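Visitor: After the structure tokens below, expect a handful of questions from me.
The values are calculated or read from the model by the stated rules, or taken from the named source; none is laboratory data. Remember, predicted model here, so these are calculated numbers, not experimental data. Because the Cβ atoms are built from the backbone with ideal geometry, glycine has one as well, and the counts that use them run over all protein chains shown.
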Amino acid sequence: HVVVLGSTNMDLVAYVSRAPGLGETVTGREFRTIPGGKGANQAVAAARAGAEVSMIGAVGSDEFGTRLRAGLTSAGVDTDLFRTVDAPSGTAHIVVDDEGANAIVVIPGANGTVTSLSPGDERLIATAQSLLLQLELPLSAVTAGAEAARRHGVRTILTPAPAQPLPPELLAATDLLVPNEHEAATLTGLTDPRAAADELLRHVPEVVITLGAAGSLHAARGTDPVTVPAPRVRAVDTTAAGDTFVGALAVALGEGKPVPDALAWASSAAALSVQRPGASSSMPYRTEIDTA
Ligand code: ADP
């Protein structure tokens with residue numbers, strides 16, 4: 001059983017040939033609303049990868065909220081403790097240009113109301129095998145979640161995104177930290193992934209740094225680092241590649257797969273997702289990952 005404590009956003013995406021500068025207006029090509037948020041993405045990824053998943057977070061009592069909740073439910077994610085609050089649902093306002101480069105404004109909205117855990121949240125976390133955390137909810141809730149997991153012997157897997165300095169209490173309650181290269185560099189000031197991993201191991205016992213098309217690097221105290229290459233595929237949309245990777249990794253580790261196998265399985269899942277457009281819509285199901 002995987003519990004995710006995290007964000008849910010509606011991504012409002014404008015596709016343009018060239019992004020406007022400040023004070024400028026351009027005519028775009030297309031507009032899409034796509035369910036997202038790192039928490040919800042990881043929950044859907046883990047559910048499709050075959051785990052029983054529960055989500056703790058919040059949406060607003062608006063149309064986006066209704067759609068976001070329905071998206072989780074239809075992916076098979078349990079939303080019994082997922083709150084509907086009196087605030088606008090979180091939104092991400094995204095401009096994507098013809099090169100695939102993007103500019104994003106995130107308005108946390110309802111996500112920002114999740115500042116602490118209820119007793120029910122803690123009881124749910126206590127039943128989990130792992131708790132997935134990211135940094136799109138208030139740090140007070142993320143830290144409370146990690147500490148609750150620690151009290152109950154539940155493995156905590158933290159995606160430190162968007163990158164920001166981490167409170168020592170949060171690091172102290174993290175079992176596995178999964179930054180991408182950029183986040184690892186922001187956290188440590190070191191651009192070499194191996195050096196960054198060594199530095200991060202001073203604070204947490206286990207680290208996986210995702211390296212995009214170059215794969216991923218695993219490091220743990222007292223073991224030699226392992227690099228697992230990514231399958232060579234033609235990427236059409238790498239949105240939520242990292243979330244797909246983490247969701248699948250949590251499932252594989254929860255099933256007791258050895259680390260190299262778990263990384264390879266998560267890499268297969270992420271490689272499938274980058275070959276298809278969209279965020280949660282691009283995430284593979286277990287049978288696809290097993291046969292990739
Ligand atoms: P994020 O999506 O958080 O920026 P990465 O870019 O590191 O993180 O991607 C996460 C994982 O997704 C990688 O470790 C890799 O397994 C997979 N991945 C990303 N881009 C590609 C690609 N072009 N080809 C194959 N796998 C990829």
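Visitor: Anything in the stretch 184-240 that is polar (S, T, N, Q) and either more than 10 Å from the ligand (Cβ to nearest atom) or in a loop (DSSP other than H, G, I, E, B) (or both)? List them, or say none. Give the steps one after another, and end with the answer.
Guide: So in the stretch 184-240, the residues polar (S, T, N, Q) come out as 186, 188, 191, 210, 216, 223, 227, 238-239.
Residues satisfying the conditions are T186, T188, T191, T223, T227, T238, T239.
Visitor: Separate question: Say whether the condition of being surrounded by fewer than 16 Cβ atoms within 10 Å (Cβ to Cβ), in contact with a His (Cβ under 9 Å, 6 or more places away or on another chain) and among the aliphatic types (A, V, I, L, M) is met by at least one residue in the stretch 194-216.
Guide: Checked against the condition, which is being surrounded by fewer than 16 Cβ atoms within 10 Å (Cβ to Cβ), in contact with a His (Cβ under 9 Å, 6 or more places away or on another chain) and among the aliphatic types (A, V, I, L, M), the stretch 194-216 yields no hits at all.
Visitor: Strands (runs of 3 or more DSSP E) wholly in the stretch 9-110 with at least 1 residues that are modelled with pLDDT of 95 or more and over 30 Å from G256 (Cβ atoms) - which ones? Quick ask: steps written out before the conclusion?
Guide: Details: elements: 9-15, 30-36, 53-56, 58-60, 83-85, 90-96, 102-107.
Result: 9-15, 30-36, 58-60, 83-85, 90-96, 102-107.
Visitor: Do we have any residue at all in the stretch 123-136 that's farther than 28 Å from G50 by Cβ, of a type in the set (K, R) and outside any loop (DSSP other than H, G, I, E, B)?
Guide: The first filter runs over the stretch 123-136 and keeps only residues farther than 28 Å from G50 by Cβ, leaving none.
Scanning the stretch 123-136, I find no residue that is farther than 28 Å from G50 by Cβ, of a type in the set (K, R) and outside any loop (DSSP other than H, G, I, E, B), so the answer is no.
Visitor: A further question on this structure: Mind checking which pairs have a first residue in the stretch 75-90 that is on the phi < 0 side of the Ramachandran plot and a second that is among the basic types (K, R), Cβ under 8 Å, 6 or more apart or different chains?
Guide: From the stretch 75-90, the pairs are A75/R48; T79/R69; F82/R69; T84/R69.
Visitor: Right, next: Is there a residue being farther than 22 Å from S130 by Cβ and under 21 Å from the mean Cα position of the chain (by Cα) anywhere in the stretch 47-56? Spell out how you get there, then give the answer.
Guide: The first filter runs over the stretch 47-56 and keeps only residues farther than 22 Å from S130 by Cβ, leaving none.
There is no residue in the stretch 47-56 that is farther than 22 Å from S130 by Cβ and under 21 Å from the mean Cα position of the chain (by Cα).
Visitor: Now for a different question. With the condition kept exactly as written, say whether any residue in the stretch 61-71 is β-branched (V, I, T) and either surrounded by 15 or more Cβ atoms within 10 Å (Cβ to Cβ) or in contact with an Asp or Glu (Cβ under 8 Å, 6 or more places away or on another chain) (or both). So that I can check it myself, show each step before the final result.
Guide: At the first step, the residues of the stretch 61-71 found to be β-branched (V, I, T) are 66.
So of that shortlist, the ones also either surrounded by 15 or more Cβ atoms within 10 Å (Cβ to Cβ) or in contact with an Asp or Glu (Cβ under 8 Å, 6 or more places away or on another chain) (or both) come out as none.
Looking through the stretch 61-71, none of the residues is β-branched (V, I, T) and either surrounded by 15 or more Cβ atoms within 10 Å (Cβ to Cβ) or in contact with an Asp or Glu (Cβ under 8 Å, 6 or more places away or on another chain) (or both).
Visitor: Turning to a different aspect of this structure: Which residues, taken from the stretch 122-146, are more than 19 Å from the chain's Cα centre (by Cα) and either surrounded by 24 or more Cβ atoms within 10 Å (Cβ to Cβ) or not small (G, A, S) (or both)?
Guide: Let us first name the residues in the stretch 122-146 that are more than 19 Å from the chain's Cα centre (by Cα), namely 122-124, 126-127.
Correct list: E122, R123, L124, T127.
Residues checked against (1) under 20 Å from the mean Cα position of the chain (by Cα); (2) closer than 30 Å to S281 by Cα; (3) of a type in the set (V, I, T):
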position: D192; (1), (2), (3): no, no, no
position: L201; (1), (2), (3): no, no, no
position: V204; (1), (2), (3): yes, no, yes
position: L217; (1), (2), (3): yes, yes, no
position: R234; (1), (2), (3): no, yes, no
position: T238; (1), (2), (3): yes, yes, yes
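Visitor: Would you say L249 is within 9 Å of the ligand (Cβ to nearest atom), crowded, with 17+ Cβ neighbours inside 10 Å and among the hydrophobic types (A, V, I, L, M, F, W, C)?
Guide: Here the answer is no, as L249 does not meet what is asked.
Visitor: Of R67, R155, which residue is among the basic types (K, R), more than 16 Å from the ligand (Cβ to nearest atom) and more than 23 Å from S280 (Cα to Cα)? Walk me through it before giving the result.
Guide: Working: R67 fails: more than 23 Å from S280 (Cα to Cα).
R155 is the lone residue from the list that is among the basic types (K, R), more than 16 Å from the ligand (Cβ to nearest atom) and more than 23 Å from S280 (Cα to Cα).
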